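*Asks:* Attaching a single structure in structure tokens format; questions to follow.
The values are calculated or read from the model by the stated rules, or taken from the named source; none is laboratory data. Because the structure is predicted, anything quoted here is derived from the model rather than measured. When we count neighbours, we look across all protein chains shown, and the Cβ atoms used for this are built from the backbone with ideal geometry, even at glycine. Protein only, heavy atoms only, side chains kept; ligands, DNA and RNA dropped before computing areas. Shrake-Rupley method; radii C 1.70, N 1.55, O 1.52, S 1.80 Å.
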Amino acid sequence: MTNWPRAALLSLSDKAGVVEFARVLAAHGTRLVGSGGTAKHLRDAGLEVTAVEDVTGFPEMLGGRVKTLHPHVHGAILARRGLDEDMVALEERGIEAIDLVAVTLYPFEARATSLDDAAAIEEIDIGGVALLRAAAKNHEHVVVVHSPAQYAEVLAAFEGAGPSPEQRRAWAIAAFARTARYDAAIANELARRGGEETPSNYLLSLERVRGLRYGENPHQQAALYVRAGAMAGLDAAREGKELSYNNLVDVHAAVTLVGRFESPACVIVKHNEPCGVACAPTVGEAYAAALRSDEQSAFGGIVAFNRPLDRATAEATAGHFMEVVVAPDFGTGAELELQKKKNLRVVRLAAQALEPVDAWSARALGPWVLLQRESGAEPVAQSSKSNLDGPGSAGGWRVATKRSPGVDERASLEFAWRVCAAARSNAIVIARGRQLIGLGSGQTSRVDAVDVALMKARRAKHELQGAVLASDGFFPFADNIHHAAEAGIVAVVQPGGSMRDDEVVAACDTHGIAMLFTGRREFRH
């Protein structure tokens with residue numbers, strides 16, 4: 001008995017590769033059944049196809065909304081081959097069993113956001129989803145295909161000993177996941193159009209990209225997933241050891257932050273915190289300055305660039321112990337230099353690949369999931385002119401003190417604010433020019449965060465006189481300012497909004513410190 005399907009139903013919005021797929025099936029005796037445009041597409045290619053309406057005895061209706069929703073179709077798919085009464089029921093009605101179903105759904109995800117309500121509704125597939133679910137339910141007897149990417153694997157299985165039970169189950173799981181993604185996209189889009197401040201339902205569908213050796217600790221299982229339809233963006237130029245869970249957390253932090261700067265920049269991250277950040281005329285100079293931020297903490301960190309990496313900078317990077325080097329590309333000879341470092345992971349990844357795929361971020365806490373709108377971290381400065389490359393340098397910031405910051409101070413404050421928005425609260429960033437020189441983060445007291453940032457700057461032997469400071473939240477007491485002033489800080493940026501703002505501003509005025517209020521907090525818990 002042949003392994004090949006007796007009949008295959010093809011109903012495809014995406015018709016890529018279907019002619020070749022159908023030709024192989026037909027060559028092995030499979031009767032082709034096609035719906036609407038799929039049947040015409042195959043006939044135009046010279047294949048013999050039975051139209052769905054010839055199987056059902058009922059023409060399409062409602063402008064194509066109803067085509068395959070018929071017992072002659074779904075009975076042929078859902079009949080249990082080993083159950084006599086099911087097969088007798090098919091025989092009594094002259095229905096031939098369908099052993100393979102290939103469906104690609106209407107492209108709702110790709111098209112709906114650009115359409116008005118009426119047109120978007122017409123992109124919702126009904127019959128296709130029903131066909132996939134029916135075939136997946138009966139996967140013991142029916143092969144279900146939801147993507148042209150599966151054609152080669154399916155044909156290879158039939159050309160061998162036939163699809164295994166494991167393959168059939170895997171294809172069924174993939175089909176159910178596809179319909180789940182589809183329904184989630186529809187529900188989320190309709191909720192978005194409903195204008196709710198927060199959606200009453202938010203459906204999240206994830207696809208596994210790769211397994212990981214373990215999670216944050218060796219006893220925890222882990223894998224990398226992406227939101228359905230998104231790309232992971234990871235291209236390991238030379239992975240060496242497998243990227244770990246913790247590596248990926250740090251890669252995300254480093255690449256996201258370095259992507260906030262338009263001029264050449266380098267970010268070094270350790271334990272999800274920026275310990276080295278700098279902008280400079282070249283990536284080589286940016287790397288050297290970022291390393292000087294806190295060379296002790298940078299040991300074993302993740303280093304990311306926002307420009308292609310040149311050979312000289314790669315050689316300098318390879319001279320220090322780093323876990324991963326990330327850049328949007330690698331120039332001639334750069335990869336060769338990095339390959340000299342045993343176990344160094346080299347990843348090609350641009351910041352654009354990590355941009356949020358929608359307006360919401362989700363955080364799971366046991367049975368809870370917290371949903372919030374994504375927060376951009378670009379600074380909003382008072383002047384329309386800024387020395388800091390990048391967006392967000394017009395309107396919004398307010399000078400709270402008698403003294404306004406100078407042009408260079410303002411540029412340094414904007415730089416510090418971007419770094420501060422990427423650190424864990426309570427966060428304090430001290431910067432000189434466009435170089436991070438001290439970071440205090442994850443502290444339970446803001447004055448402790450100031451003191452930690454000052455301690456790290458002194459440990460790295462940075463000059464504090466004339467430096468600037470950014471705080472991700474308001475200063476609850478003036479003691480923060482006194483500590484900063486004693487160290488030589490000359491300008492501060494903070495959200496404002498404390499009950500004691502007047503006391504804090506007065507302390508700045510006493511010490512001649514310029515202070516800007518952003519009007520927006522940037523906590524990261």
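*Asks:* Would you be able to tell me the number of residues in the stretch 275-299 that are open to solvent by 70 Å² or more (accessible area, probe 1.4 Å), acidic (D, E) and touching a residue at least 24 places away in the same chain (Cβ under 8 Å)?
*Replies:* 1
*Asks:* For the structure I just gave you, tell me whether N188 is in the same structural domain as R23 (by the TED database) and modelled with pLDDT under 85.
*Replies:* Spelling it out, N188 is indeed in the same structural domain as R23 (by the TED database) and modelled with pLDDT under 85.
*Asks:* A further question follows. What residue, of A152, A136, is open to solvent by less than 40 Å² (accessible area, probe 1.4 Å) and in a helix (DSSP H, G or I)?
*Replies:* After applying the criteria, what remains is A136.
*Asks:* Against the conditions (1) open to solvent by 20 Å² or more (accessible area, probe 1.4 Å); (2) within 19 Å of H70 (Cα to Cα); (3) in contact (Cβ under 8 Å) with a residue 40 or more places away in the chain, where does L12 fall short? Just the number, please.
*Replies:* It fails just one condition, (1).
Yes or no, residue by residue, for (1) over 17 Å from the mean Cα position of the chain (by Cα); (2) open to solvent by 40 Å² or more (accessible area, probe 1.4 Å):
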{"site": "R192", "(1), (2)": "yes, yes"}
{"site": "L203", "(1), (2)": "no, yes"}
{"site": "G211", "(1), (2)": "no, yes"}
{"site": "V226", "(1), (2)": "no, no"}
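*Asks:* Here's another thing I want to ask about it. Is it true that some residue in the stretch 467-486 is acidic (D, E) and in contact (Cβ under 8 Å) with a residue 60 or more places away in the chain?
*Replies:* No: zero hits.
*Asks:* Right, something else. If A39 satisfies all but one of (1) under 40 Å from the mean Cα position of the chain (by Cα); (2) surrounded by fewer than 17 Cβ atoms within 10 Å (Cβ to Cβ), what's the number of the condition it fails?
*Replies:* (2)
*Asks:* May I ask you to verify whether V66 is in contact with a helix residue (DSSP H, G or I) (Cβ under 9 Å, 6 or more places away or on another chain) and under 16 Å from A8 (Cα atoms)?
*Replies:* No.
*Asks:* Take the residues of the stretch 26-36 that are under 40 Å from the mean Cα position of the chain (by Cα) and farther than 13 Å from I98 by Cα: which is least open to solvent (accessible area, probe 1.4 Å)?
*Replies:* S35
*Asks:* Now, a different point. Considering every residue within the stretch 300-317, establish whether at least one is touching a helix residue (DSSP H, G or I) at 6+ places or on another chain (Cβ under 6 Å), in a strand (DSSP E or B), within 17 Å of L439 (Cα to Cα) and open to solvent by 20 Å² or more (accessible area, probe 1.4 Å).
*Replies:* No, that holds for no residue.
*Asks:* Of all residues in the stretch 53-96, count the ones that are assigned to a helix (DSSP H, G or I), surrounded by 14 or more Cβ atoms within 10 Å (Cβ to Cβ) and β-branched (V, I, T).
*Replies:* Within the stretch 53-96, residues that are assigned to a helix (DSSP H, G or I), surrounded by 14 or more Cβ atoms within 10 Å (Cβ to Cβ) and β-branched (V, I, T) number 4.
*Asks:* So which pairs qualify, if the first residue must be in the stretch 491-508 and over 10 Å from F475 (Cβ atoms), the second must be hydroxyl-bearing (S, T, Y) and surrounded by 24 or more Cβ atoms within 10 Å (Cβ to Cβ), the Cβ gap must be under 7 Å, and the two must be at least 6 apart or on different chains?
*Replies:* V493/T518
*Asks:* Confirm whether D125 is in the same structural domain as K15 (by the TED database), out of contact with any Phe, Trp or Tyr (no Cβ under 7 Å at 6 or more places or on another chain) and modelled with pLDDT under 90.
*Replies:* Here the answer is no, as D125 does not meet what is asked.
*Asks:* Moving to a separate point now. Which fully enclosed helices (runs of 4 or more DSSP H) of the stretch 436-525 have 2 or more residues being more than 24 Å from S297 (Cβ to Cβ) and either of a type in the set (S, T, Y) or open to solvent by 10 Å² or more (accessible area, probe 1.4 Å) (or both)?
*Replies:* Correct list: 479-487, 501-511.
*Asks:* It is to be established whether one or more residues within the stretch 232-243 are over 17 Å from A351 (Cβ atoms), in a loop (DSSP other than H, G, I, E, B), open to solvent by less than 40 Å² (accessible area, probe 1.4 Å) and at pLDDT 95 or above.
*Replies:* For the stretch 232-243, residues over 17 Å from A351 (Cβ atoms), in a loop (DSSP other than H, G, I, E, B), open to solvent by less than 40 Å² (accessible area, probe 1.4 Å) and at pLDDT 95 or above: absent.
*Asks:* Given the criterion charged (D, E, K, R), out of contact with any Leu (no Cβ under 9 Å at 6 or more places or on another chain) and at pLDDT 95 or above, identify the matching residue among K461, K456. It would help to see each step written out before you state the result.
*Replies:* Details: K456 fails: out of contact with any Leu (no Cβ under 9 Å at 6 or more places or on another chain).
After ruling out the rest, the residue left standing is K461.
*Asks:* Regarding the stretch 83-99, can at least one residue be identified that is under 21 Å from V129 (Cβ atoms), modelled with pLDDT of 90 or more and touching a Phe, Trp or Tyr at 6+ places or on another chain (Cβ under 9 Å)?
*Replies:* Yes, some residue in the stretch 83-99 is under 21 Å from V129 (Cβ atoms), modelled with pLDDT of 90 or more and touching a Phe, Trp or Tyr at 6+ places or on another chain (Cβ under 9 Å).
*Asks:* For the stretch 412-435, enumerate the residues that are open to solvent by 10 Å² or more (accessible area, probe 1.4 Å), on the phi < 0 side of the Ramachandran plot and either more than 29 Å from the chain's Cα centre (by Cα) or not small (G, A, S) (or both).
*Replies:* Hits for the stretch 412-435 are R424, N426, R432, R434, Q435.
*Asks:* Which condition number in (1) at negative phi; (2) at pLDDT below 85 is the one that G195 fails?
*Replies:* The one condition G195 does not meet is (1).
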